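Taking it in order: structure first as structure tokens, then the write-up.
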Amino acid sequence: MSNYIDRGLMKWMPFDALNGFSSMIQDLNKTLLLTPEKILTQDQYDLLNYNLNEALHTKKEIVLVYYKHQKYVETTGSIIKVNPYTKTLLLSTKEMIPINHVILLEII
């Protein structure tokens, strides 16, 4: 029997000869994985506004998708308050969500 121990993928890993090159590649990979914020059309804004008004007045449960920290977050609840000065929504789950980051609002 042989005493050969396979190093797996380590033998194919490149040598980091250039200073900072591997950190630059890692930073590039992080920026490529970020999700850009979606830009809504006027029709989508109108539908969002209509659903927001209906959900606020009828106190129905909603599904809300919004943009936070370079990713989309989905939450459910009912709208308690809309603050026009800070432009935020207060949900029954005690979340404060900026209105300008809301992408989708559906009534359940």
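Where a number appears in this text, it was derived from the coordinates with a stated rule and is not lab data. Since we're looking at a predicted model, the values are computed, not measured. Note that each Cβ is placed from the backbone with ideal geometry, even for glycine, and that neighbours are counted across all protein chains shown.
Do you know which of the residues in segment 78-90 that are assigned to a strand (DSSP E or B) and over 18 Å from the mean Cα position of the chain (by Cα) is surrounded by the most Cβ atoms within 10 Å (Cβ to Cβ)?
I79
Sort out which residues of segment 50-70 are assigned to a helix (DSSP H, G or I) and out of contact with any Leu (no Cβ under 8 Å at 6 or more places or on another chain), and write them in order of number.
Within segment 50-70, Y50, N53, E54, L56, H57, T58 qualify.
For segment 50-69, name all the residues that are more than 21 Å from the chain's Cα centre (by Cα) and surrounded by fewer than 13 Cβ atoms within 10 Å (Cβ to Cβ).
Within segment 50-69, Y50, N53, H57, T58, K59 meet the criteria.
Any residue in segment 55-81 that's free of Cβ contacts under 8 Å to residues at least 12 places away in the same chain and within 16 Å of I99 (Cβ to Cβ): show its pairings with residues that are surrounded by 13 or more Cβ atoms within 10 Å (Cβ to Cβ) and hydroxyl-bearing (S, T, Y) at Cβ separation under 8 Å, as long as the two are six or more apart or on different chains.
V73/Y66; V73/Y67
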